[in-house]
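Scroll down for the structure; my scribbles are underneath it.
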Amino acid sequence: MAVANGVLVRASTKEPLFSFGVIADVQYADIPDGRSFLGAPRYYRHSISVLQRAVRRWNEQGNIKFLINFGDIIDGHCPKDKSLWAVHKVLDEFDKFDGPTYHMIGNHCLYNLPRRKLVSLLKMPTDSDRAYYDFLPFPEFRIVVLDAYDFSCLGWPDDHSVTAAAMKLLGERNPNTDKNSSDGLVGVDRRFVKFNGGVGSEQLSWLNDVLQDASTHQQTVIICSHLPMDPGSTSPAALMWNYDEVMAIVHQYNCVKACFAGHDHKGGHSVDSHSVHHRILEAALECPPGTSSFGHVEVYPDRLLLAAAAPASCPGDGLISSSVSVVRRSSVGSSADGVGVEILLVLLVKCSRTGIVSSHTKISLRRFITKGPPD
Ligand SMILES: [Zn+2]
């Protein structure tokens with residue numbers, strides 16, 4: 001038992017301080033199933049069923065304080081005359097949750113609607129048109145939501161200075177005629193494609209101020225972004241353009257313990273050079289009918305736990321939700337009172353009708369320690 005910021009904390013407690021639901025890349029569209037550029041099946045109509053199951057589950061749990069939706073709420077293939085209808089259809093499902101949902105902008109959102117319209121539709125808690133913000137769900141914890149397309153070719157008017165600057169950058173870094181192609185680019189340079197974006201200078205400065213303030217107040221910070229920010233967690237072609245600039249700021253402080261993202265549909269996990277966990281959430285869009293990909297994060301004084309919540313209809317549910325609680329324990333710093341701060345991450349796993357977990361999860365199973373479910 002120790003005292004941190006005037007609050008009694010235990011090195012380990014059974015009940016989380018709070019929990020929040022997570023889901024990524026719903027990418028709903030009222031169109032037949034298709035495939036990604038690389039051939040991965042996409043279930044455009046089923047993805048909203050994944051969201052419906054998720055909301056039902058979160059409400060049943062009764063202890064989920066809020067949701068974070070990691071962007072790409074609808075798909076770029078959604079007929080443009082149905083974009084608004086599709087966004088409302090998905091938002092109606094989020095509205096069935098007994099609490100607030102915090103959204104962020106993804107590239108597919110911007111294929112359909114301009115950012116100004118999205119900031120309003122998604123009810124972002126900002127006092128301007130900006131799509132980045134932070135909030136305190138608990139006195140010692142701060143959530144930061146980044147706008148990964150603040151600096152991008154998407155969503156701004158064609159004649160906007162940001163569009164011109166972003167196109168100039170892509171022209172310098174990507175020689176392909178089709179700027180959505182990373183052909184010929186090597187390693188992390190593959191991130192310089194039009195479907196990615198970056199954090200602009202004003203937002204970088206804001207992030208620095210937020211992390212400075214969080215450090216002063218001894219808060220633990222969780223960063224949420226549509227785009228991944230660590231090369232070890234994702235395919236290079238899915239990385240944020242200036243992930244290195246963002247992480248250079250993050251690494252100046254010791255308050256950020258985990259970064260969550262979407263966009264790279266297969267998911268991923270890494271621990272970077274400063275012991276920050278990066279967890280990319282698997283896409284709801286690529287769950288075959290009857291399967292799901294969503295979860296919730298339990299926040300304890302000394303750790304985070306990302307838990308899968310597979311639906312009862314899914315064979316293997318018991319297996320995945322009760323025994324595939326895959327955790328890695330790693331020391332990630334100490335709080336001001338000297339209590340060791342640890343993060344435990346449970347993989348957000350997909351379950352399929354055949355009970356086969358994704359190859360990513362199999363790889364991760366080998367990389368992680370297996371442990372029983374959280375109690
Ligand atoms: Zn995306």
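Let me confirm something: among Ala283, Ala312, which residue is out of contact with any strand residue (DSSP E or B) (no Cβ under 8 Å at 6 or more places or on another chain), within 14 Å of the ligand (Cβ to nearest atom) and at pLDDT below 95? Show your work before the answer.
Working: Ala312 fails: within 14 Å of the ligand (Cβ to nearest atom).
Within the list Ala283, Ala312, the selection yields Ala283.
Asp129 meets each of the listed conditions (1) in contact with a helix residue (DSSP H, G or I) (Cβ under 9 Å, 6 or more places away or on another chain); (2) more than 16 Å from the ligand (Cβ to nearest atom); (3) at pLDDT 95 or above apart from (3).
For residues that are charged (D, E, K, R) and in contact with a helix residue (DSSP H, G or I) (Cβ under 8 Å, 6 or more places away or on another chain), scanning just the range 17-56, find the one that is farthest from Asn107 (Cα to Cα). Lay out the reasoning, then the answer.
Step one: list which residues in the range 17-56 are charged (D, E, K, R), which gives 25, 30, 33, 35, 42, 45, 53, 56.
Next cut, in contact with a helix residue (DSSP H, G or I) (Cβ under 8 Å, 6 or more places away or on another chain) only: 25, 30, 42.
On the way: Asp25: 10, Asp30: 18, Arg42: 16 Å.
The extreme case among them is Asp30.
Residues in the range 248-278 that are within 16 Å of the ligand (Cβ to nearest atom), farther than 15 Å from Ile143 by Cα and in contact with a strand residue (DSSP E or B) (Cβ under 6 Å, 6 or more places away or on another chain): 3 in all. The condition of being part of a loop (DSSP other than H, G, I, E, B) and free of Cβ contacts under 8 Å to residues at least 40 places away in the same chain holds for only one of Ala148, Ala131, Ala164, that being Ala131. Restricting attention to the range 271-298, which residues are within 28 Å of Ser205 (Cβ to Cβ), part of a strand (DSSP E or B) and over 14 Å from the mean Cα position of the chain (by Cα)? If the condition is that a residue be within 28 Å of Ser205 (Cβ to Cβ), part of a strand (DSSP E or B) and over 14 Å from the mean Cα position of the chain (by Cα), then Val271 is the only one that fits.
For every residue, the table says whether it meets (1) touching a strand residue (DSSP E or B) at 6+ places or on another chain (Cβ under 8 Å); (2) hydroxyl-bearing (Ser, Thr, Tyr).
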{"site": "Lys123", "(1), (2)": "yes, no"}
{"site": "Asp127", "(1), (2)": "no, no"}
{"site": "Tyr133", "(1), (2)": "yes, yes"}
{"site": "Asp147", "(1), (2)": "no, no"}
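Figure legend. Inter-residue proximity from the range 234-246: first residues over 14 Å from Phe151 (Cβ atoms), second residues among the aliphatic types (A, V, I, L, M), beta-carbon distance below 6 Å, spacing 6+ or different chains. Indicated pairs: Thr234/Ile280; Pro236/Val188. Among the residues of the range 167-194, the ones that are assigned to a loop (DSSP other than H, G, I, E, B) and crowded, with 20+ Cβ neighbours inside 10 Å come to 4 in all. Among the residues making up the range 195-205, those that are in contact with a Ser or Thr (Cβ under 8 Å, 6 or more places away or on another chain) and assigned to a loop (DSSP other than H, G, I, E, B) are Asn196, Gly197. Every condition in (1) under 17 Å from Val199 (Cα atoms); (2) modelled with pLDDT under 95 holds for Met167 except the one numbered (2).
Counting only helices (runs of 4 or more DSSP H) wholly contained in the range 21-118, the ones carrying 2 or more residues that are at pLDDT 95 or above and away from the ligand (no atom under 16 Å from the Cβ) occupy 47-61, 83-95.
The values are calculated or read from the model by the stated rules, or taken from the named source; none is laboratory data. Here the structure is a predicted model, which means the values were calculated and not measured. Backbone-built Cβ (ideal geometry, glycine too); neighbour counts: all protein chains shown.
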